[in-house]
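Undergrad: Below is the structure I would like to discuss, written out as structure tokens.
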Amino acid sequence: MMEPLEMIKDSLNKQIYIKLRNDRELTGKLNAFDQHLNMILENAEETHTSVELDEETYEQVYKQNKRSMPMVFIRGDGVILLSSHTDH
Amino acid sequence: MLFFSYFKDLVGREVTVELKNDLALSGTLHSVDQYLNIKLENTRVVDQDKYPHMLSVRNCFIRGSVVRYVQLPPEGVDVELLHDATRREARGG
Amino acid sequence: MSSGLGLENLVDQTISVITNDGRNIVGILKGFDQATNIILDESHERVYSTKEGVQQLVLGLYIIRGDNISIVGELDEELDASLDLSLLRAHPLKPVIH
């Protein structure tokens with residue numbers, strides 16, 4: 001049986017994809033993590049998806065805001081899932 | 001303890017703490033504890049026009065549980081050391 | 001052994017607290033514990049609005065539960081005195097989303 005934390009170790013120093021709470025996603029190189037899933041990502045890109053309501057048409061418009069972070073610590077309690085597949 | 005040690009090594013460096021209420025605070029890392037509570041000195045709010053709520057605050061204590069991200073100096077710490085420390089840590093569970 | 005960041009250096013000083021529901025409460029720190037529960041004396045809440053200046057609501061002696069606290073700031077009295085709160089316009093702070 002492989003434990004989940006053991007599996008994440010296989011992704012150390014590699015690109016990973018993280019789905020976070022509040023419609024945020026991150027990709028970047030995993031440099032460190034702990035049992036809480038606190039992590040450090042290098043050269044990370046965050047995609048934040050939000051919905052805007054068009055005032056005239058009342059249609060829901062989905063927006064994606066991206067930003068780059070050279071080195072970022074992520075608090076584990078916001079993490080939903082991790083994947084080694086970064087082609088999202 | 002991994003990240004507690006990591007942050008202790010970063011004391012004195014400039015960081016930006018992004019909170020779960022979308023507030024972002026830049027400042028000099030003064031200290032950190034086992035809960036990853038953070039004390040910043042020379043605190044500046046990133047979007048000061050939008051958030052003038054902390055104009056008279058220079059030093060602050062940020063509760064670890066309210067942190068979303070901490071933007072770190074890229075040349076902060078040896079990445080190899082982080083990898084090694086992680087491998088040792090995850091084993092102990 | 002509980003090595004935590006203490007707020008000892010702020011006892012008897014004026015602090016500015018941001019709570020998880022986005023409120024700003026200013027007062028004198030009288031006590032705290034490891035859970036960051038705090039006792040605030042002579043406290044008032046500063047209510048921010050985009051339509052009028054900052055409103056200050058007198059609260060008195062308060063205990064604020066640690067799990068409701070985002071930030072404890074050391075208020076620089078000189079800086080604060082130089083602010084004209086009646087001219088400040090701002091949206092209220094957003095609540096913390098966990």
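Undergrad: Exactly one of (1) within 10 Å of chain C (Cβ to nearest Cβ); (2) farther than 18 Å from C:Ser70 by Cα is unmet by B:Arg58. Its number?
TA: (2)
Undergrad: Restricting the search to the range C:42-98, which residues are more than 7 Å from chain B (Cβ to nearest Cβ), among the basic types (Lys, Arg) and within 16 Å of the chain's Cα centre (by Cα)?
TA: C:Arg46, C:Arg65, listed by residue number.
Undergrad: Exactly one of these conditions fails for A:Leu30: (1) within 14 Å of A:Leu82 (Cα to Cα); (2) modelled with pLDDT under 95. Give me its number.
TA: So the condition that A:Leu30 fails would be (2).
This table checks each residue for (1) closer than 26 Å to B:Ser65 by Cβ; (2) loosely packed, with under 12 Cβ neighbours inside 10 Å; (3) in contact with a Gly (Cβ under 8 Å, 6 or more places away or on another chain); (4) of a type outside the set (S, T, N, Q).
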| residue | (1), (2), (3), (4) |
| --- | --- |
| C:Leu10 | yes, no, no, yes |
| C:Asp41 | yes, no, yes, yes |
| C:Tyr48 | yes, no, no, yes |
| C:Ile71 | yes, no, no, yes |
| C:Ala81 | no, yes, no, yes |
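Undergrad: Continuing with the same structure: Filter the range B:4-56 down to the residues that are out of contact with any strand residue (DSSP E or B) (no Cβ under 8 Å at 6 or more places or on another chain) and of a type in the set (S, T, N, Q), then identify the one that is surrounded by the fewest Cβ atoms within 10 Å (Cβ to Cβ).
TA: So, considering only residues that are out of contact with any strand residue (DSSP E or B) (no Cβ under 8 Å at 6 or more places or on another chain) and of a type in the set (S, T, N, Q), the one surrounded by the fewest Cβ atoms within 10 Å (Cβ to Cβ) is B:Gln48.
Undergrad: Determine if the range B:41-62 includes at least one residue that is out of contact with any Cys (no Cβ under 6 Å at 6 or more places or on another chain), closer than 19 Å to A:Met39 by Cα and not aliphatic (A, V, I, L, M).
TA: Looking through the range B:41-62, none of the residues is out of contact with any Cys (no Cβ under 6 Å at 6 or more places or on another chain), closer than 19 Å to A:Met39 by Cα and not aliphatic (A, V, I, L, M).
Undergrad: Further question: Look at the range A:45-86 and say how many of its residues are closer than 26 Å to B:Arg87 by Cα and without any contact (Cβ under 8 Å) to a residue 60 or more places away in the chain.
TA: 12
Undergrad: All but one of (1) more than 9 Å from every other protein chain (Cβ to nearest Cβ); (2) in contact (Cβ under 8 Å) with a residue 24 or more places away in the chain; (3) assigned to a strand (DSSP E or B); (4) within 14 Å of the chain's Cα centre (by Cα) hold for A:Glu42; which doesn't?
TA: Looking at each condition in turn, A:Glu42 falls short on (1).
Undergrad: While we're on this one: Could we say that C:Asn24 is at pLDDT 95 or above, surrounded by 13 or more Cβ atoms within 10 Å (Cβ to Cβ), within 12 Å of the chain's Cα centre (by Cα) and within 8 Å of another protein chain (Cβ to nearest Cβ) here?
TA: yes
Undergrad: Tell me, which residue of the range A:3-32 that is surrounded by fewer than 16 Cβ atoms within 10 Å (Cβ to Cβ) and of a type outside the set (Asp, Glu) is farthest from B:Val79 (Cα to Cα)?
TA: A:Asn22
Undergrad: Can you name every residue in the range B:1-32 that is charged (D, E, K, R) and either within 11 Å of the chain's Cα centre (by Cα) or within 14 Å of C:Val72 (Cα to Cα) (or both)?
TA: Quick first cut of the range B:1-32, residues charged (D, E, K, R) only: B:8-9, B:13-14, B:18, B:20, B:22.
Within the range B:1-32, B:Lys8, B:Arg13, B:Glu14, B:Glu18 meet the criteria.
Undergrad: Go through the range B:33-55 and give me each residue that's within 7 Å of chain C (Cβ to nearest Cβ) and hydrophobic (A, V, I, L, M, F, W, C).
TA: Passing the criteria: B:Met54, B:Leu55.
The values are calculated or read from the model by the stated rules, or taken from the named source; none is laboratory data. Since we're looking at a predicted model, the values are computed, not measured. Neighbour counts run over all protein chains shown; Cβ positions are idealised from the backbone, glycine included.
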